[in-house]
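Any read-out appearing in this document is the output of simple, stated calculations on the displayed coordinates, not a laboratory observation. Just so we're clear, the structure is a prediction, and the values are computed from it rather than from any experiment. All Cβ positions, even for glycine, are placed from backbone atoms using ideal geometry, and neighbour counts span all protein chains on display.
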Amino acid sequence: MKITTLLENKTTCDALRCEHGLSLYIETAKHKILFDSGASDAFWENAKALGIDLAQVDIAFLSHAHNDHCGGLLTFLRGNRTAKVYLQKEAFGDYYVVTPTKCAFIGLDPKLHEYADRFVMAEGVTKLDEELTLFSGIRTHELLSEANATLREKVGGDYPRDAFRHEQDLLVTEHGKTVLFAGCAHSGIINIINRAEDILGRAPDYVFAGFHLYNPSLGQSEPRALVDAVGERLCARKATRYVTGHCTGDDAYAWLHETLGDRLAYMATGTTFTI
């Protein structure tokens with residue numbers, strides 16, 4: 001399995017664009033996969049610069065319906081005419097970020113309705129084949145990000161907290177190794193791993209995910225006590241390695257690295273991992 005970061009907040013070289021967002025390209029024996037599309041067309045341009053033809057992608061997944069992960073989806077659908085895109089049935093909800101100074105829509109572009117025939121609306125656990133399992137329905141609620149408080153769903157005239165029913169996660173298995181992919185882990189990275197273990201009957205070998213330990217709206221990390229608690233739980237899974245970035249944040253990454261050491265790596269734009 002080969003995993004390339006097409007788009008992340010940082011870049012490995014000046015020739016590649018970066019932005020607050022995430023997009024991964026995953027290649028297995030059976031599939032060429034797009035996981036998220038960043039906030040703009042930058043992921044597509046970076047793929048071309050890296051020699052990756054996204055027109056050949058045969059299946060795509062949207063981790064959740066926030067524009068730093070779905071902002072490039074129109075670009076993908078226009079450039080790739082065949083791949084189905086899997087998303088949760090709640091993905092077209094009215095999702096907002098609400099702070100004392102702003103209330104901004106951050107959901108899917110309404111123009112995407114023109115491509116309804118390209119979408120597969122999923123829920124629960126969906127085993128697509130021997131390589132791919134998609135899941136949602138996180139059952140535990142431990143060590144959640146405080147930054148979730150600014151993320152809301154518009155319901156009538158109210159803005160209750162987002163329950164993240166539009167979030168989903170992907171398990172990719174090849175040659176006996178399983179990788180868990182999560183976008184921002186709004187449901188809590190520990191809770192998502194717990195659910196993956198329920199499905200697999202064991203811990204995943206690798207986790208590629210943003211851990212949502214940084215609030216971009218407020219420009220601050222989660223408290224160190226929360227980050228350390230997450231790190232201890234990650235470290236307890238002795239056989240699992242982690243690759244993170246995007247919404248984890250620089251401070252949290254440094255603190256997690258103190259706990260996890262070389263079991264933790266960063267997924268900057270242009271980085272490739274072979275498993």
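Filtering segment 109-139 down to residues that are over 30 Å from GLU197 (Cα atoms) and of a type outside the set (Asp, Glu), which residue is surrounded by the most Cβ atoms within 10 Å (Cβ to Cβ)? Spell out the reasoning first.
Filtering segment 109-139 for residues over 30 Å from GLU197 (Cα atoms) gives 109-118.
Remaining after also requiring of a type outside the set (Asp, Glu): 110-113, 115-116, 118.
Working: PRO110: 9, LYS111: 10, LEU112: 20, HIS113: 10, TYR115: 14, ALA116: 9, ARG118: 17.
Filtering first and then ranking leaves LEU112.
Select from segment 2-31 the residues that are part of a strand (DSSP E or B) and either in contact (Cβ under 8 Å) with a residue 40 or more places away in the chain or touching a Phe, Trp or Tyr at 6+ places or on another chain (Cβ under 9 Å) (or both) and list them in ascending order.
From segment 2-31, those part of a strand (DSSP E or B) are 2-7, 11, 23-27; that's our starting set.
Matches in segment 2-31: LYS2, ILE3, THR4, THR5, LEU6, LEU7, THR11, SER23, LEU24, TYR25, ILE26.
Quickly run through segment 186-239 and pick out the residues that are aliphatic (A, V, I, L, M) and touching a residue at least 60 places away in the same chain (Cβ under 8 Å).
To start, the set of residues in segment 186-239 that are aliphatic (A, V, I, L, M) comprises 189-190, 192-193, 196, 199-200, 203, 207, 209, 213, 218, 225-227, 229-230, 234, 236, 239.
If the condition is that a residue be aliphatic (A, V, I, L, M) and touching a residue at least 60 places away in the same chain (Cβ under 8 Å), then ALA196, ILE199, LEU213, LEU218, LEU226, ALA229, VAL230 are the ones that fit.
Return yes or no: is GLY93 surrounded by fewer than 19 Cβ atoms within 10 Å (Cβ to Cβ), over 23 Å from GLY72 (Cα atoms) and out of contact with any Lys or Arg (no Cβ under 7 Å at 6 or more places or on another chain)?
no
I'm checking my understanding of the structure. Among residues of segment 156-195 that are touching a helix residue (DSSP H, G or I) at 6+ places or on another chain (Cβ under 9 Å) and polar (S, T, N, Q), which one is surrounded by the most Cβ atoms within 10 Å (Cβ to Cβ)? Walk me through how you get there before you give the answer.
Here is the first cut: in segment 156-195, the residues touching a helix residue (DSSP H, G or I) at 6+ places or on another chain (Cβ under 9 Å) are 161-162, 164, 167, 169, 171, 173, 178, 180, 182-190, 193.
Of the ones still in play, those that are also polar (S, T, N, Q) are 173, 178, 187.
Numbers: THR173: 18, THR178: 22, SER187: 27.
Checking each candidate, the answer is SER187.
What's the number of the condition GLY157 fails, among (1) farther than 20 Å from GLU27 by Cα; (2) touching a His at 6+ places or on another chain (Cβ under 6 Å)?
(2) is the only condition that GLY157 fails.
Can you pull out every residue in segment 239-264 that is surrounded by fewer than 18 Cβ atoms within 10 Å (Cβ to Cβ) and among the small types (Gly, Ala, Ser)?
ALA239, ALA254, GLY261
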